[in-house]
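Engineer: Take this structure, written in structure tokens, and hold onto it; I'll ask about it next.
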Amino acid sequence: MGDFEKIFQHAESQAEEQFIRILKWVGEKAVNEAKDSGNYDDHTANLRNSIGYVVSVDGQVVDEYFEISKQGTVPSSEDPLKYGRTLAVEVAQSKRGIALVVVAGMKYASYVESKKKVVLTSAEQFASQYLPNLLKQLK
């Protein structure tokens, strides 16, 4: 049974690595979609720059993507990357299994969405469109 167990563990490990790779790709594309499609005025660029993702396994972050993509026209003393990453890690820590968490870290993000502006909606639509097909290919 030892040889079979090693084979199954190796296969499980490979499947997990592939799954994480898919989530990283979808996460990065979803973040870029959200940043590019946001139809709101973002004078400080804080909202747009707080958008990012983490991939976690049983609550532990294994990958993340947060970067400054735009400079604001109005100076800001806030650190949008910190807000985004802190929120994403907090959510990821409550997840079991493998998870992709895409966030807009500024507290007013949901308010902006409630005004019929796109903050994360396009990211969610992107992920919903591509993730199922990519996961089917995993087999």
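The values are calculated or read from the model by the stated rules, or taken from the named source; none is laboratory data. All figures in this text were calculated on a predicted structure; none of them were measured in a lab. Ideal geometry is used to build each Cβ from the backbone, glycine not excepted, and the neighbour counts take in all protein chains shown. Each accessible area value is taken on the protein alone, full model and side chains, heavy atoms only, with ligands, DNA and RNA left out. Shrake-Rupley method; radii C 1.70, N 1.55, O 1.52, S 1.80 Å.
Engineer: Of the numbered conditions (1) surrounded by fewer than 13 Cβ atoms within 10 Å (Cβ to Cβ); (2) under 22 Å from Asn39 (Cα atoms), Asp58 fails exactly one; give the number of that condition.
Structural biologist: (2)
Engineer: Quick check on the stretch 41-55: of everything there that is part of a loop (DSSP other than H, G, I, E, B), open to solvent by less than 20 Å² (accessible area, probe 1.4 Å) and out of contact with any strand residue (DSSP E or B) (no Cβ under 9 Å at 6 or more places or on another chain), which residue is modelled with the lowest pLDDT?
Structural biologist: This residue is Asp42.
Engineer: Next question. Which ones in the stretch 62-94 are part of a strand (DSSP E or B) and open to solvent by 50 Å² or more (accessible area, probe 1.4 Å)?
Structural biologist: Passing the criteria: Val62, Glu64.
Engineer: Sticking with this one: Using the structure shown, decide if Val26 is in contact with an Asp or Glu (Cβ under 6 Å, 6 or more places away or on another chain) and of a type in the set (A, V, I, L, M, F, W, C).
Structural biologist: So Val26 fails the test.
Engineer: Filter the stretch 14-40 down to the residues that are in a helix (DSSP H, G or I), open to solvent by less than 80 Å² (accessible area, probe 1.4 Å) and aromatic (Phe, Trp, Tyr) and list them by number.
Structural biologist: Selection gives Phe19 alone.
Engineer: What residue, among those in the stretch 104-139 that are among the charged types (D, E, K, R) and within 19 Å of Asp36 (Cα to Cα), is most open to solvent (accessible area, probe 1.4 Å)? It would help to see each step written out before you state the result.
Structural biologist: Within the stretch 104-139, the first condition is being among the charged types (D, E, K, R), and the residues that meet it are 107, 113, 115-117, 124, 136, 139.
Next cut, within 19 Å of Asp36 (Cα to Cα) only: 113, 115-117, 124.
Numbers: Glu113: 54, Lys115: 113, Lys116: 171, Lys117: 84, Glu124: 124 Å².
Per the stated criteria, the residue is Lys116.
Engineer: How do the pairs read when you match residues in the stretch 17-40 that are closer than 26 Å to Lys115 by Cβ with residues anywhere that are open to solvent by 70 Å² or more (accessible area, probe 1.4 Å), using Cβ under 6 Å and keeping only pairs 6 or more apart or on different chains?
Structural biologist: Listed by first residue and then by second, the contacts come to Asn39/Lys117; Tyr40/Lys117.
Engineer: Moving on to the next point. Tell me whether the stretch 95-103 contains one or more residues that are out of contact with any strand residue (DSSP E or B) (no Cβ under 7 Å at 6 or more places or on another chain) and exposed (fewer than 11 other Cβ atoms within 10 Å of the Cβ).
Structural biologist: Yes, the stretch 95-103 contains at least one residue that is out of contact with any strand residue (DSSP E or B) (no Cβ under 7 Å at 6 or more places or on another chain) and exposed (fewer than 11 other Cβ atoms within 10 Å of the Cβ).
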